[in-house]
Amino acid sequence: MGKKVLAVFYTQSGQLASIIDHFTRPLLDMGATVEKVQIFPAPAYPFPWSGKSFFAVMPDCVNQVPGPLEPFSFKEASYDLIVLGYQAWFLSPSIPANSLMNDPRFKALAKNTPVITITGARNMWMSAMEKIKPVLRKMDARLVGNISLVDRHPNFVSFVTLLHWMFGGKKDRYLNIFPVPGVSEADIVHTRVYGDLVVPHIQNNNWQGLQEELVDAGAVQIRYALMFIESKARKIFKVWAGIISKRKKRTAWLVAFKYYLLIALFIAAPIILTVDAIFFKPFLSGRIKRQKQYYSGVD
Ligand SMILES: Cc1cc2nc3c(=O)[nH]c(=O)nc-3n(C[C@H](O)[C@H](O)[C@H](O)COP(=O)(O)O)c2cc1C
């Protein structure tokens, strides 16, 4: 019988839709039915964003507060594979992605079903994925693969270009000096290779070894500096989100968070990373290797 695949995702710019298209192409070519379902929050989040609306979603992202979605439906009662597209917002699953994972119909479908997660992030997706793993585990989904596409430019460059993209709505070059923001077109097209790797696994309904094959093919790349920054920032974001979500008047706090973020990224992070590179990193190579292995995996 033909295999049935559900690819469900949210996207603002269309980047994640494009990634999903390329990834699922080999599955279509092998004769599988691929049902693509794009979800829409109700009301929609602004795109392009204003500075205020962008930072205003931080507490609910970090606290994983789901929101309402426009009506949507799935055609089948069960699938051989679910491809879950998500994006990281403030080191957490985006609110629409989190809302989807809280939908009872999604939970019922995902139970005992192989799931591959796929993201098109700026470059910090690990903490979001760490929040997704227990949610999937709780609904008895089988996480069999994870693909993380990122903007490969230096951290501060991709920060500037992401904001240009998010606040301007166009994935183009800021001031004609900066590179194009987001995941590169070449990396998006390359996602097809990861889809090719999935084909024998879905055909044999044997998912063992898929993640290792994906990692070998470059589907997950872990940079130490980003892993380090995320591990610190996610704890601090949690504190900010806890404080801000308790306030009735949030504007001043969100402005403070914005400046904190700028100072943390452009001033504190380079200093802390330099100190770490001199005093700690050289003595922690075993631990760093284990951490990289862990974040590359799906356990
Ligand atoms: C509010 C907001 C917060 C974001 N935070 C992060 C983040 O913490 N880490 C990251 O790698 N990318 C972050 N991004 C970028 C998104 O993960 C994603 O790459 C971008 O929004 C494009 O996705 P799209 O397919 O929905 O258009 C953020 C984007 C938005 C809008």
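The values are calculated or read from the model by the stated rules, or taken from the named source; none is laboratory data. Please read all numbers here as calculations on a predicted model, not as lab measurements. For neighbour counting, all protein chains shown are included, and Cβ atoms are generated from backbone atoms with ideal geometry for every residue, glycine included. The protein model used for the area step is the full one, side chains on, heavy atoms only, and it has no ligands, DNA or RNA in it. Shrake-Rupley method; radii C 1.70, N 1.55, O 1.52, S 1.80 Å.
Some notes on this structure:
- Pairing residues of the range 210-224 that are closer than 20 Å to Leu81 by Cα and open to solvent by 30 Å² or more (accessible area, probe 1.4 Å) with residues that are among the acidic types (Asp, Glu) and part of a helix (DSSP H, G or I), at Cβ distances under 6 Å and at least 6 apart in sequence or on separate chains, gives no pairs at all.
- For Thr11: the one exception among (1) assigned to a helix (DSSP H, G or I); (2) β-branched (Val, Ile, Thr); (3) within 8 Å of the ligand (Cβ to nearest atom): (1)
- Pair list, Cβ < 8 Å and 6+ apart or interchain, from the range 262-276 residues that are among the small types (Gly, Ala, Ser) to residues that are open to solvent by 40 Å² or more (accessible area, probe 1.4 Å): Ala264/Ile236
- Enumeration of residues in the range 38-60 that are surrounded by 15 or more Cβ atoms within 10 Å (Cβ to Cβ) and either away from the ligand (no atom under 15 Å from the Cβ) or in a strand (DSSP E or B) (or both): Gln38, Pro41
- Residue check, Gly120 on the phi > 0 side of the Ramachandran plot, buried (at least 20 other Cβ atoms within 10 Å of the Cβ) and within 15 Å of the ligand (Cβ to nearest atom): no
- Matching residues in the range 61-73 - criterion: being away from the ligand (no atom under 13 Å from the Cβ) and on the phi < 0 side of the Ramachandran plot: Asn63, Val65, Pro66, Gly67, Pro68, Leu69, Glu70, Pro71, Phe72, Ser73
- Annotation note: of Asp80, Asp60, the sole residue that is closer than 27 Å to Ser245 by Cβ and among the acidic types (Asp, Glu) is Asp60.
- Among residues of the range 9-31 that are within 17 Å of Asn205 (Cα to Cα), those with a beta-carbon under 7 Å from a residue that is among the small types (Gly, Ala, Ser) at least six positions away or on a different chain give the pairs Thr24/Ala7; Thr24/Gly195; Pro26/Gly195; Leu27/Gly195; Gly31/Gly2.
- Considering residues of the range 123-150 that are assigned to a loop (DSSP other than H, G, I, E, B) and over 17 Å from the mean Cα position of the chain (by Cα) only, the residue surrounded by the fewest Cβ atoms within 10 Å (Cβ to Cβ): Asp140
- Flag for Ala128 being near the ligand (Cβ under 10 Å from one of its atoms) and aliphatic (A, V, I, L, M): yes
- Of the numbered criteria (1) closer than 20 Å to Pro154 by Cα; (2) open to solvent by 50 Å² or more (accessible area, probe 1.4 Å); (3) in contact with a Phe, Trp or Tyr (Cβ under 7 Å, 6 or more places away or on another chain), the one Leu265 fails is (2).
- Qualifying residue in the range 102-116 (condition: of a type in the set (A, V, I, L, M, F, W, C) and either surrounded by fewer than 21 Cβ atoms within 10 Å (Cβ to Cβ) or free of Cβ contacts under 8 Å to residues at least 24 places away in the same chain (or both)): yes
- Criterion (in a helix (DSSP H, G or I) and within 13 Å of the ligand (Cβ to nearest atom)) met by exactly one of His164, His153: His164
- Matching residues, the range 152-173, being open to solvent by 20 Å² or more (accessible area, probe 1.4 Å), touching a helix residue (DSSP H, G or I) at 6+ places or on another chain (Cβ under 7 Å) and without any contact (Cβ under 8 Å) to a residue 24 or more places away in the chain: Val160, His164
- Output for the range 74-100, where each listed residue is open to solvent by 30 Å² or more (accessible area, probe 1.4 Å), under 27 Å from Trp207 (Cα atoms) and either near the ligand (Cβ under 8 Å from one of its atoms) or among the hydroxyl-bearing types (Ser, Thr, Tyr) (or both): Ser78
- The range 15-34, subset open to solvent by less than 30 Å² (accessible area, probe 1.4 Å) and out of contact with any helix residue (DSSP H, G or I) (no Cβ under 8 Å at 6 or more places or on another chain), residue nearest to the ligand (Cβ to nearest atom): Leu16
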